[in-house]
Number of protein chains: 2
Amino acid sequence: MNIMTRQEIEAILPSLELVPIIEAGFVAYSKGWAVVPPVGELLLDRGDVHIKYGYIRHDDYYVIKIASGFYDNGRYGLSTSNGLMLLFRQQTGELQSVLLDEGRLTDIRTAVAGAIAAKHLAPTDVERIGIVGAGIQARLQLQHLAAATPCRKVLVWDRTDAQREQYRHDMSAHGFQVEMTGEQQEILRQCNLIVTCTPATEPLLQVADLRPGTHITAVGADTPHKQELDGAILGRADLVVADSIAQCLVRGEIHQAVKGGFLAEGNIVELGSIVYGAIPGREDPEQITVADLTGVAVQDIQIAKAVYEAAVTTLP
Amino acid sequence: MNIMTRQEIEAILPSLELVPIIEAGFVAYSKGWAVVPPVGELLLDRGDVHIKYGYIRHDDYYVIKIASGFYDNGRYGLSTSNGLMLLFRQQTGELQSVLLDEGRLTDIRTAVAGAIAAKHLAPTDVERIGIVGAGIQARLQLQHLAAATPCRKVLVWDRTDAQREQYRHDMSAHGFQVEMTGEQQEILRQCNLIVTCTPATEPLLQVADLRPGTHITAVGADTPHKQELDGAILGRADLVVADSIAQCLVRGEIHQAVKGGFLAEGNIVELGSIVYGAIPGREDPEQITVADLTGVAVQDIQIAKAVYEAAVTTLP
């Protein structure tokens, strides 16, 4: 049994080619090879905890991931999000690895899913990347998009000036030309590859600003109450993609759009089905596409396995 | 953050007075102070995994416990049951301790619950202790009963001769006078404090053999399909006690007895209510009492906290 600290995990991550690893997870999920029970949830006064767990049949491991969000943690100089992953052997139930990643692997696998959505759905000619939100996930999403498009022009919106400015500063150091806006409608007006990563509970982007040839990946809404996109955007889209149809019907943008009567359940396809070619991704530069990513345990399973396997082959 | 191995945990256990610790958990549960979501379950080809988790309000910690049973493990020289407990801070979500107990704390807290049931429900004059089953839990239950009764005379039943004989040998070394039987009806005929700890799916004890003044603690049945007691035994009992009424209505002996029409839902009381005195335990030497213990996350919370707190005050 091995125990890995966040530092050890961080040291391994750059050696992993995560796009195919996470893509394989989405494929397994959409082919029905994954066993992913409903998310466990523990609500506390100052935060909430989610337990995601499951396995891919005939694989070596199962994974239990614990992730928490404690909203006052900033006061104590602590990260809001935290977590760990546990890897067990499918054959015997033996605990194989404790990955004390403090939520880092969840952040990374979420950003990689954004890159996968962009790879299959973004227009070939990206004029400008639009980022809604300026937190950790907004940073990671942009960094991971670099593999999916040559575009380095970015427009970022955030509610606060200071956050936008810090984002511009940090992402410029990664080779992006970042402009800032305080007008959220400018994102849809000026950008055609957009990622939303806020905890908003009311739509930030409106259908009136939507242009042909746009792709939006919505990452922020992972509960039944959060929402970043006007439901009419999903209604207008030519292709609406879920990481998990079952999960997106009960949480996230798709849930909101179906509830609002903008979208029919039959008009949703799954990201894994696009990855393995059962359903085409973007077919036309004028198409409007939306990917709703609520986070599925197969992503955790895949990244935990990859980190563990890299560790046992490289560690003494 | 501390990580404790099974050896370190074993070294701490003898210093803990576990009966009042686990009693406090049952009291918190029955007073409605505990938040205990439904058990998470992952079913695999060779085993199953249960995730029990929760917290007591205004306490310092929450606990997530992972326990597995892999039924072919004997072939590989591994224990069938396994597990670990994770202790987090309620205020910040920080992981405070990883207790790599390999299922030992679950075994112990289950045995302690048996001792608590006997403390409040067993007759004062125990003629002979009856043990149904001869596995790990059958050993631990008997050892923990030593604090609840001065009786050291034991009758054990198990399906196989070798298991019974091994049990007799092992428990004699702990100061018990153990006799064996291959006739399960002898347990109810000769004993008036009985613990059942088998994975049976059909009743082992029948109402025809039931005598006044008997207490039975049923520990084995923790799923909707397992059953050790004839439902009519619960119907005949003067007092039927659940560790958790909510949980016992969907799994274990009470579930079976209610389903079979032997027991009304309103005729079940909770162990915690007896511990804090809201409901009397045994009031008369002739009463027949049954306690159904399916295992509640408050037991895991209490034992994990106690081990961790003892460790941080004694470790360097």
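The values are calculated or read from the model by the stated rules, or taken from the named source; none is laboratory data. These figures come from a predicted structure and were not determined experimentally. Glycine gets a Cβ as well: all are built from the backbone with ideal geometry, and neighbour counts include every protein chain shown.
Which residue is modelled with the lowest pLDDT, if the candidates are limited to the stretch A:165-219 and must be farther than 18 Å from A:Leu145 by Cβ and in contact with an Asp or Glu (Cβ under 6 Å, 6 or more places away or on another chain)?
A:Ala200
Yes/no per residue for (1) within 11 Å of chain A (Cβ to nearest Cβ); (2) in contact (Cβ under 8 Å) with a residue 60 or more places away in the chain:
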residue: B:Gln7; (1), (2): no, no
residue: B:Glu10; (1), (2): no, yes
residue: B:Glu17; (1), (2): no, no
residue: B:Glu23; (1), (2): no, yes
residue: B:Ala34; (1), (2): no, yes
residue: B:Pro38; (1), (2): yes, no
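For A:Ser97, indicate whether it is within 30 Å of A:Val240 (Cβ to Cβ) and in the same structural domain as A:Phe26 (by TED's automatic domain parsing).
Numbers: within 30 Å of A:Val240 (Cβ to Cβ): no; in the same structural domain as A:Phe26 (by TED's automatic domain parsing): yes.
Spelling it out, it is not the case that A:Ser97 is within 30 Å of A:Val240 (Cβ to Cβ) and in the same structural domain as A:Phe26 (by TED's automatic domain parsing).
Which condition number does B:Lys65 fail, the rest of (1) of a type in the set (D, E, K, R); (2) surrounded by fewer than 24 Cβ atoms within 10 Å (Cβ to Cβ); (3) within 12 Å of chain A (Cβ to nearest Cβ) being met?
(2)
Looking only at the stretch A:200-221, count every residue that is surrounded by fewer than 21 Cβ atoms within 10 Å (Cβ to Cβ) and within 13 Å of the chain's Cα centre (by Cα) and tell me the total.
Number satisfying all stated conditions: 0.
If you go through the stretch A:86-126, how many residues are among the polar types (S, T, N, Q), more than 14 Å from chain B (Cβ to nearest Cβ) and within 30 Å of B:Gly83 (Cβ to Cβ)?
Matching residues across the stretch A:86-126 total 1.
Restricting attention to the stretch B:40-62, and to residues there that are within 11 Å of chain A (Cβ to nearest Cβ) and surrounded by fewer than 17 Cβ atoms within 10 Å (Cβ to Cβ), which single residue is farthest from A:Tyr61 (Cα to Cα)?
Filtering the stretch B:40-62 for residues that are within 11 Å of chain A (Cβ to nearest Cβ) and surrounded by fewer than 17 Cβ atoms within 10 Å (Cβ to Cβ), the one farthest from A:Tyr61 (Cα to Cα) comes out as B:His58.
When the residues of the stretch B:113-154 are filtered to those that are more than 24 Å from B:Met180 (Cα to Cα) and out of contact with any strand residue (DSSP E or B) (no Cβ under 6 Å at 6 or more places or on another chain), which remaining residue is surrounded by the fewest Cβ atoms within 10 Å (Cβ to Cβ)?
B:Lys119
Please determine whether any residue of the stretch B:159-175 is part of a loop (DSSP other than H, G, I, E, B) and buried (at least 16 other Cβ atoms within 10 Å of the Cβ).
Narrowing the stretch B:159-175 to residues part of a loop (DSSP other than H, G, I, E, B): B:159-160, B:173-175.
Next cut, buried (at least 16 other Cβ atoms within 10 Å of the Cβ) only: none.
No, every residue in the stretch B:159-175 fails to be part of a loop (DSSP other than H, G, I, E, B) and buried (at least 16 other Cβ atoms within 10 Å of the Cβ).
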